[in-house]
Amino acid sequence: MTAFNADWSLMTPEIVLAILALTVFTVDFTTGIRGKKPFIGTLSVISLLITIVLVVIFNQNTGSIGDMFVVDPFAMLFKIVILIGVALVILTSMSYMDKHQDMYQGEMYSLLLFAALGAMLMVSSADLITLFVGLELLSISSYCLAGFRKNQAKSTEAALKYVVLGGTASAFILYGMSFMYGLTGSTSLVDIGTAMPMLYAEYQFLVIMSLFFMIAGFGFKISVVPFHMWAPDVYEGAPTPITGFLTAVSKIAGFAILIRILAVGFGAIYHEWYFIIAVIAALTMIIGNTVALVQSNIKRLMAYSGIAQAGYLLIPLAASLSFNITMSMIVYYAFAYVFMTLGAFAIISYVTEDANNEDISSFAGLYKRSPFLAHSMTVFLVSMAGLPITAGFVGKVYIFLGLMTSQMIWLAVIMIVTSTISFFYYFTIIKQMYMREPSEEGSMLKAPTSISLIVTISLIGTFGLALFANMLTNYMNGLNWIIL
Amino acid sequence: MIPNMLSLLVFLPLLGALIVLTIPNEHKNVIRSVAGVTSFVTLILSIIVWANFNRGVSGMQFAENYTWIDLGFVSFNYDLGVDGLSMPLLVLTTIVTFLAVVASATIKERVKEYFVWMLVLLTGMLGVFVALDMFLFFLFFELTLIPMFFIIGIWGGKEREYAAFKFLLYTGLGSALMLIAFFAMFYQGAVAGEATLNFLRLADIYANPANAEVITNTFRAGLFLTLFIAFAVKLPIFPFHTWLPDAHVQAPTAASMILAGVLLKMGAYGLLRVGFGILPDQAANFAWLIAVLGVVNIIYGALLALVQKDLKKLVAYSSISHMGIVLLGAASFTTAGMQGAIFQLVSHGFIAALLFFMVGAIYERTHTRMIEDLGGLSKTIPILAGFLLAAAMASVGLPGMSGFVSEFLAFTGIFWASPEVIPAAKTIAVIAALGIILTAAYLLWAMQRTTFGQLHQSHAHLQDARPIEYVPMVCLLGLIILIGVYPAILGDVINTTVIDIVSKIGG
C-alpha cells in the first residue's frame, strides 16, 4: 500500500487539530500581540475538545497509512490522555496569564496545541521518521514554552538548559535509530521488529548500542534516573502550568513511544533489555523519592515526585507479563497520573502565584483560605502517595501485583518502601495546609472558574478511576493493543 | 434481617461524614449531634448484627460477595463477613467510637473537620474487621491512617506534628510489609492453582497438602515472619513500638481512646486472621517466638510504665504491656489461651479507653499530666478520681472485672501449652506472671500519688464530672464489669471460632 491510496481519514483528528491550531495562531496574531486574551484560551480548549471527540469517533477503526501512521487502541488511549492533559494545562494557564500581562498570551496556547499535535503524531507512528517528526514538534514547542517568562532569568535558563540537553537527547535517539536503519535498510518499526531476532544473532553489538542510545535519549525525555538531571531546574524555571505540562503530558507521550519502540522493534529481544529497564525503574524510584524529601521549593519537589512516578510507570515494561496486562497497567496509571498531577499543578500554580513565592510555606493555612483547594490538593497528594480510594492507589496496587506475578520481588520491595518514603514529603505539604497558620492576614482565596473547573474534573477523575476501575480495566482487557 | 447489613454498617459513618460536610462551620452543635447520631446508629446496627449472630456456627456470617475490579489475571472482590473473631471487635469498635465521639465534646476548634475524620476513621476500622479480600482489607487498613494523622497532627498536644509523622511513617512501613506479604501469598497461591485474594480461599489453598511442593516450608516461614512484623508495628510489639507512646501522648483524648481501644486491635486481628488463619502450622512453629516477645512486651512495657512521670505515658506503656498478654494467649494454641487473647483484646479496648478518658478529663481540669503535680485528687474531684481508680483496678486485673478473665484465661493457656508448641511454656508463664505484679505496682503507685496524698493548692477548686462525662465513664465501666462477672456474653460468640483456629494444628 502506498501513501497515496491510503485511508487518510484515519488522520482526521490530527489534520483537524493542525487546522485549528493554525486558526488559533492566526486569530492570535491578528488581534494584536499583547494584552489579555482569554478568548484564545477558550478557543484552544474547544479545539482540543473537538479533537477528543474526533479521536473517539475516527480511531474506533484501526488501520494504518503506509505502515507509517497507525491507528490502534494503543494510540487512541494515549491520544485521549494527552488531549485531556493539554486541555487541563491550558485551563490552568488561563488564570496564570491573568497575573502575567507581560507574556505573549495567545502564543502560549497555540504552542501548546502544536505540542499536543506532535504528541499525537508520536503515539501513532510506526516508523522512525514520523516518530521523530512528532517528537521534535513536541520538544521544540516545549523548549519555547519553558522559556516563556522571558524577563525572568530562571525561565530563560530553564529554556536554554532544556534546548541544549533536549537537543543532545534527540541526537542520541537519532544516532540509535540510524543503526537500525543501517542494519535493515528500513525505517519501519515493523520491519525492524521482524528482522530483530536475526539482527541480534548477527550484529549483537550494534543492536545493543542502538538500544542503549535510544533508551538514553528517551530516558531523558521521560526524566528517569540517571537522565533526569535537567528536570528539576527546568521544572523550577518554567511557568508553573508549563511545569505541569512537562511533568504530565510530555512525559506520558515519551512513555508511549518508548513502549512502542521497545515492544514492536525490540520485542523479540525482550530478555536483553527488561533488566536494564528494571534497574532504571529502581534507581528512579529511589533517587526521585529520597531527593524529594529535602526540597523546599514546591515545583522542585513536584519535579522529583514526577521523577519518582516515572519509575512506577516504567515497572510494567520491566515485568514479564502479557503485553495486554502491561498495557492496561501503564494506561491506567497514565490516566490516574494525568488527573492527579494536573489537578495538583492547577492548585500549585494558583497558590504560588498568589503568594508570589514558590516555597512549600506558601501553602500554609490553605485550609482556612480556601477549603476547597486545600481538600482537593489533599486528595491529589494522597493519590500520588498511593493511599486508598484514589486512582493512584489502585494503579499502584495493580502495578505491584504485576511485579509479584513476574517474581520481581526485589523491585516490588523497592517500590513499596520508596512509596512509603514518599508519604513524608507529600504529607509535608498537607501539614502546611492544615497544621500551620496562614502567614499574612489569611485573606480568603477565591479560585477562578477555570481553576475550579480543572480541580473538579481532576477530582472526578481521581475518585472515578478508583471506584469504577472495573469499567476501564474490562474495556482494556478486551483490546487488541497494537495492530502493526 | 436487612440485606447487605455489613455494608450498611461500614458505610453508614461515611454517609454521616458527607452529611457533616454539608453543614456550615458555625453550627457546631448540629455537627456534634449528627456525628453522635451517626455513630450511635452504627452502634445499634452492630448490636443487631451481634444479636442475630448465629452462635455455634463456624464460618462467615452475613457474607457479601461481589466482584469489584477485574484485572484479567485476578479480581479484587468486595467480600465481607463476620465470624467469632471479628464479631466482638466489630462491636468493640462501634462502642468505643461512639463513646469517643461523646468524649469529643471538648473539641472546640475546627469541629467540622474533626468529626468528618472521626467518622471516616470509623468506616476504616469497621471495614478492616469485616473485609475478607486482601485488597479490601488493605484498603481499609490504610484508610485509618489518614484520619489518625490529621487528628493527631491538628488537635494533638505540643509535639503533635512530630507524633503524627512518626505514626504515619511507622504504620505506613508496617502496611508496606503487609502488602508485600499479601501479594507473595497471592502469587504462590496462584502458582498452586488458584489466583484469589480471598482469605478463606487462600486458607484452603495453603492448607492443602497437595500444594506442599509449590508452597515450600521456607516460603511459609518467611511469609509468616513478614506478616508478623507487619502487624507487630500496629499491635505494637517490641521493638516496633516506639511510635505508640508519642502518638498516644500527643493525641487528643478521644483519639487516644480509639487508638488504644481499637487501632491496636487491628494489628492483633490481622495476625490472627491472616497469620494464624492461613498459616496455622507456621504460627505453631513460631509460637515460642511469639510467646517470648509477648513476655518481653509484658515486662518491658511494665518496667517502662513504672518509671514514667507523665500519667498518659504511663497508660500508653501499660497498653504495650497488656498487648503482650494477647500474644501470650494466642501463642499457646490452647482453647483457653486463644479465648484469653480475644477476651484481652476486647477487655483492653474498654479499659484503655476508660483510662485515657479519665486522664484526659483530669488534664482538662488541672492542665497537667505530671503525676507529681496531681496529688490528692480524691479530695476535690472524688467522682473522677473514683472512676480512675476503678479503671486502674480493672487494668491490674481485679477479679470481677474483664481484665481478670482475660489474664486468667491467657495465663492458663500458656501454662498448659503443649511442650511441642512452646518448649518452656511453664517457665514463660511464670516470668509473664511477674508482669502482673509489676502492673499492680506501677498502677497502684501511680494511683497513690495522684488520687491520694497531699492536695496541690492550685487544684483545690476543680469541677467534678459533668453530666456528659458520665456517659463514657459509666458505659465503659459497666461493660468492664459485665464481661468480668458474666464472661459468657463474649465467650459464646467466640468459642466456635476459637476451637476452629486451635484445631487447625490439632491442639
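The distance linking the stretch B:39-69 with the stretch A:27-75 is 53 Å (Cα centroid to Cα centroid, whole angstrom). Take every pair of alpha-carbon atoms less than 8 Å apart whose residues are at least six positions apart; their mean separation over the length of the stretch A:8-477 yields a relative contact order of 14 percent. In order along the stretch A:105-114, phi translates into HN-Hα couplings of 5, x, 4, 4, 5, 5, 4, 4, 5, 5 Hz, rounded to whole numbers, per the Karplus curve 6.51 cos²θ - 1.76 cosθ + 1.60 with θ = phi - 60° and x for Gly and Pro. Whole-Hz Karplus values for the stretch A:374-389 come out as 5, 5, 5, 4, 4, 4, 5, 5, 5, 5, 5, 6, x, 9, x, 6 Hz, taken residue by residue from phi with 6.51 cos²θ - 1.76 cosθ + 1.60 and θ = phi - 60°; glycine and proline positions read x. Whole-percent P(r), the stretch A:1-158, all Cα pairs, 5 Å bins from 0: 2, 10, 18, 21, 18, 13, 9, 6, 3, 1, 0.
The Stokes-Einstein estimate for the protein assembly as shown, based on a Kirkwood radius over Cα pairs and taken at 10 °C with 1.306 mPa s viscosity, is a diffusion coefficient of 53 µm²/s. Backbone amide hydrogens, once placed in the peptide plane, bring residue B:68 within less than 5 Å of B:76, B:77, B:78, excluding anything fewer than 5 places away on its chain. Taking the Cα centre of the stretch B:5-504 as reference, the dipole from Cβ charges on Lys and Arg (+1) and Asp and Glu (-1) amounts to some 1100 debye.
Using DSSP to define loop residues, name the trypsin sites (Lys or Arg not before Pro) in the stretch B:89-137 whose beta-carbon has at most 11 other beta-carbon atoms within 10 Å. For trypsin sites (Lys or Arg not before Pro) across the stretch B:89-137 that sit outside H, G, I, E and B with at most 11 neighbouring Cβ atoms in 10 Å, the list reads B:108. Just to confirm the number: angle between the C-alpha axis of helix B:160-192 and the first principal axis of chain B, 0 to 90 degrees, nearest 10? The answer is roughly 10 degrees. Report, in degrees rounded to the nearest 10, the 0 to 90 angle that the Cα long axis of helix A:12-30 makes with the longest principal axis of chain A. Orientation of helix A:12-30: about 40 degrees from the principal axis. Rounded to the nearest 20 debye, the dipole size of the stretch A:1-106 about its Cα centre is 440 debye, using +1 on the Cβ of Lys and Arg and -1 on the Cβ of Asp and Glu. The residue B:55 and residue B:4 beta-carbon pair, evaluated with R₀ = 25 Å, returns a calculated FRET efficiency of approximately 0.65.
Phi-derived couplings, Karplus 6.51 cos²θ - 1.76 cosθ + 1.60 at θ = phi - 60°, listed residue by residue for the stretch B:386-403: x, 5, 4, 4, 4, 4, 5, 5, 4, 5, 5, x, 5, x, x, 10, 4, x Hz, with x used for Gly and Pro. Taking a spot 7 Å from the Cα of residue A:99 along the direction of its beta carbon, which residues of the stretch A:235-252 have an amide N less than 18 Å from it? Under 18 Å, as judged by backbone N against the label point of residue A:99, lie A:235-246 of the stretch A:235-252.
Taking 4 °C and 1.567 mPa s as conditions, the stretch A:152-230 diffuses translationally at an estimated 94 µm²/s according to Stokes-Einstein applied to its Kirkwood radius (Cα pairs).
Nonpolar atom fraction for the protein assembly as shown, defined as the carbon and sulfur part of the 1.4 Å probe accessible area, stands at 68 percent. For a paramagnetic label modelled on residue A:437 (point 7 Å from Cα along Cα→Cβ), amide N atoms under 19 Å away belong, within the stretch A:357-372, to A:361-371.
Values of log10 I(q)/I(0) for the stretch B:232-286 across q = 0.17, 0.31 Å⁻¹ run -0.59, -1.15, by the Debye formula with one identical scatterer at each alpha carbon and no solvent. Dividing the Cα radius of gyration of the stretch B:5-504 by its Kirkwood radius returns 0.96 for Rg/Rh. Cα-based radius of gyration for the stretch B:12-104, normalised by 2.2 N^0.38 Å, reads 1.38. Entry comment: accessible area of the protein assembly as shown is 32 Å² per residue, from protein heavy atoms only and a probe of 1.4 Å.
Residue A:43 sits among other residues whose Cβ lies under 11 Å from its own Cβ, and their net charge, with Lys and Arg +1 and Asp and Glu -1, is 0. Computed extension length for residue A:296-residue A:198: 30.1 nm, one decimal, from 0.36 nm per residue of separation with the Cα-Cα distance subtracted.
Each listed q (0.15, 0.17, 0.20, 0.32 Å⁻¹) maps to a log10 I(q)/I(0) for the stretch B:26-67 from the Debye sum over equal C-alpha point scatterers, namely -0.58, -0.65, -0.73, -1.02. Extending 7 Å from Cα along the Cβ direction at residue B:221 and again at residue B:468 yields two label points whose distance is 5.6 nm.
Both radii were evaluated on the Cα set of the stretch B:263-326; the Rg over Rh quotient, with Rh as the Kirkwood radius, amounts to 1.09. Positive end of the dipole of the protein assembly as shown (Cβ unit charges, origin at the Cα centre): among A:304, B:447, A:176, the Cα lying farthest that way belongs to B:447.
Applying 1/(1 + (r/R0)^6) with r as the Cβ-Cβ distance of residue A:479 and residue B:485 and R0 = 51 angstrom yields a FRET efficiency of 0.20.
Considering only A:129, A:283, A:95, the residue lying farthest towards the positive end of the dipole of chain A is A:95, judged by Cα position with unit charges set on Cβ.
Evaluate E = 1/(1 + (r/R0)^6) for residue B:214 and residue A:208, where r is the Cβ-Cβ distance and R0 equals 51 Å; express this FRET efficiency to the nearest 0.05. FRET efficiency, residue B:214 to residue A:208: 0.90. Over chain A, the pair-distance histogram of Cα-Cα distances with 20 Å bins from zero comes to 25, 60, 15, 0 percent, rounded to whole numbers. Here's the picture: a label point sits 7 Å out from the Cα of residue B:456 along the beta-carbon direction, and within the stretch B:374-415 the residues with their amide nitrogen under 12 Å of it are B:374-377. The A and B chains share an interface that buries close to 3500 Å² of accessible area, total over both sides, probe 1.4 Å.
For the stretch B:353-507, the calculated P(r) over all alpha carbon pairs, in 5 Å bins from 0 to the bin holding the longest distance, is 2, 8, 15, 16, 15, 14, 10, 8, 6, 4, 2, 1, 0 percent.
Taking each residue as 0.36 nm, the span from residue B:372 to residue B:408 lengthens on full extension beyond its C-alpha to C-alpha distance by 9.7 nm. Cα centroid separation, the stretch A:129-191 to the stretch A:415-484: 30 Å. Positive end of the dipole of the stretch B:201-303 (Cβ unit charges, origin at the Cα centre): among B:276, B:263, B:211, the Cα lying farthest that way belongs to B:263. Restricting to Cα pairs below 8 Å that are 6+ residues apart, what does the relative contact order work out to for chain B? Please round to a whole percent. Taking the mean separation of contacting Cα pairs over the length of chain B, I get 16 percent. Here's how it looks for residue B:453: its modeled amide H is under 5 Å from those of B:376, which are all 5 or more places away or on a different chain. Between the alpha-carbon centres of the stretch B:253-268 and the stretch B:379-428 there is a gap of 19 Å.
Charging the Cβ of each Asp and Glu at -1 and of each Lys and Arg at +1, and nothing else, the dipole of the protein assembly as shown about its Cα centre rounds to 1940 debye.
To the nearest ten degrees, helix B:217-234 and the longest principal axis of the Cα atoms of chain B are 20 degrees apart. Summarising the label geometry, the points placed 7 Å from Cα in the beta-carbon direction at residue B:26 and residue A:467 lie 3.1 nm from one another.
The values are calculated or read from the model by the stated rules, or taken from the named source; none is laboratory data. A quick note: this is a predicted structure, and the numbers were derived from the prediction, not measured. Every residue, glycine among them, receives a Cβ derived from its backbone with ideal geometry; neighbour counts consider all protein chains shown. Note: areas computed on protein heavy atoms with side chains; ligands, DNA, RNA excluded. Shrake-Rupley method; radii C 1.70, N 1.55, O 1.52, S 1.80 Å.
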